[in-house]
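Beneath this line is the structure, given in structure tokens, with notes to follow.
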Amino acid sequence: MTRNRVWIAVVAGFVLSFANLVYAQNVTPSTNSDAMVDVLKTLETKGVITHDEFEALKAKVTKDEQKAAEQQQVVVQQEVQQTVQQVGPQLRSVAMPADAETQVANVVTAMDSGVGFHAGRFDVAFSGEINGFAVHDRPDNSHGLASLPSPFADGACLLCVASSGAQPNWAIRSGLLPGDLSIKISTQEKGWDVAVFFGIWPGIQNNGVNLNGNVGTGALGVAGIDFRQQFVTLGRPRFGTLKIGRDLGLFGQEGILNDMTLLGAGSPNGNDHPGSVTLGRIGVGYVYTDFLPQITYTTPSYKGLQGAFGIMQAYDDAFSPTTAALDAHGQPMIQGKVTYTAPLTGATKFKLWTNFLTQSEQANNFGSSANNESEGPVLTAGNSVRAWGVDYGFKGSWHGVGLVGYGYNGSGLGIAGLLLGGIGLTDGNAITTRSSSGYYFQPSYTYHKAFFGYSYGQSFLAPAGANDADNSSNMVRCNSSHIAQFRYAVTSWDNLVAEYTHTRSEAQFGGIITSDSVALGSIVFF
């Protein structure tokens, strides 16, 4: 059928249908009802029926007439619908171009919630946050460090979290989180959920190299930009999710994500020359999970139980006496995770988790010596030590009352960053691992828009022996802190934050540093 003939059929169908509809609504279907009324009037005149009987019979005849008209209208409407269904496909084939469906699929529409848009079958979502804090820090290194001979008299304490400056100081800086702009593009391909994710994390302070080649608080400074995240995910509800790229690791992840200082500052550490971020509870209750190159598989959730397993880039120990030698990376770092989220019971929420990490730190294949041969051993190819760690914790809430508990144990794990400070020397001058452990607990209460929280935590790093204690006497033994925080949600985006932190660090040789800090600021999520 040609296009002209189809159009003629379509127009004719609609004209006939419309004519029938008009006729049904405006033309009297029959004269039988009028004749019946005339007969009833004659009977009334002759006295056969009374006037009341005449009115009742007349009403009945009129009602039957209206009912018949309505039935006729329904029949006409059905005929119209049948005509449209018959000619509709022909109309579409003639009037709609071959690529019309593709054009419809490419329509851009706004998302129902959040910031983003639907572009055909693709969803593009933007999220992130910006924060800024005025931080006042008052360090005190008079508890043993100032009276010690060089090199400790300057307050140096390796991996100590408490600030070691001599004077109180102010800084306008980012908190534990830098700023964040995240972009997620997702779609479905042949039944698979596919997504790519990019996360850009800039600070607000000048910690990048300025035009004079200096870093820090000088003129002409620039903010550093940390491109922390870029990964792709592939998943199905019954398969789980495969992630490839750079993202948070598994070990230590729950420790930082449930830390209330993630929305605040915590221990400022070096507030006189601020870096990109503060430390929160990093090194004071948990080891930083870090953003690692990885291939990670996460299982589907089964009755609240879920697991994950990942192979990740192996790390070096930058504070080891054999830093340059243990960089063979013959094996990847391996991490795993198990979580259980209990079913909701009224206002009660509860979650448990545990994670593990293991990595072999190996001497390179050409053989080498330690950084300082007078203190460290000479290593040959294949010499190695194994670092490992396990963490565990819970989070619960009930009618606004919340509680978080977290702990970890490990060997070669370090105390603040992954594997930083985890390698030591035995009394026989051979390489070995140092034991480390830590914990924090965090009660809180949320009332309407207000949050009140307190937390206390400690992290410990033990020497491998007497020889190791002598060679690393300026390294930290214990970091601890008390933190109190108040937050108020001004809007669904904006939170005002006030925080007080007391931090204490003790070195292996016994020197102590303390610092007291106050942070006032805001964090905005979108």
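Values quoted throughout were computed directly from the atomic coordinates according to the rules given, and no laboratory measurement underlies them. Only a predicted model underlies this, so the values are computations on that prediction, with no experimental measurement involved. Glycine also receives a Cβ, built like all others from the backbone with ideal geometry; neighbour counts cover every protein chain displayed.
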Quick one: net charge of Asp316's neighbours, Cβ under 10 Å, K/R +1, D/E -1?
-3
Cross-link reach from Lys60 to lysines, straight Cα distance under 30 Å and at least 8 residues apart if same chain, gives Lys41, Lys46
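Fewest Cβ neighbours within 10 Å first, please rank Ile483, Ile172 accordingly.
The most exposed by this proxy come first: Ile172, Ile483.
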Taking Cα atoms only, Rg over Rh for the stretch 329-368 with Rh from the Kirkwood formula is 1.41
Surpassing 25 Å at the alpha-carbon level, of the pairs Lys303/Lys337; Lys337/Lys395; Lys184/Lys395, are Lys184/Lys395
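How charged is the neighbourhood of Ala328? Take every other residue with its Cβ under 15 Å from the Cβ of Ala328, and add Lys/Arg as +1 and Asp/Glu as -1.
Spelling it out: positives minus negatives among the neighbours equals -3.
Excluding Pro274 itself, calculate the net charge of residues whose Cβ lies under 11 Å from the Cβ of Pro274, where each Lys or Arg counts +1 and each Asp or Glu counts -1.
On the way: positive: Arg173; negative: Asp137, Asp272.
Its environment carries a net charge of -1.
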Peptides ranked, highest mean first, by Cβ atoms within 10 Å: ranges 401-407, 434-440, 288-294, 411-417
411-417, 434-440, 288-294, 401-407
Give the Rg (one decimal place) followed by the Dmax (whole number) of the stretch 389-493, computed from C-alpha coordinates and expressed in Å.
18.6, 61
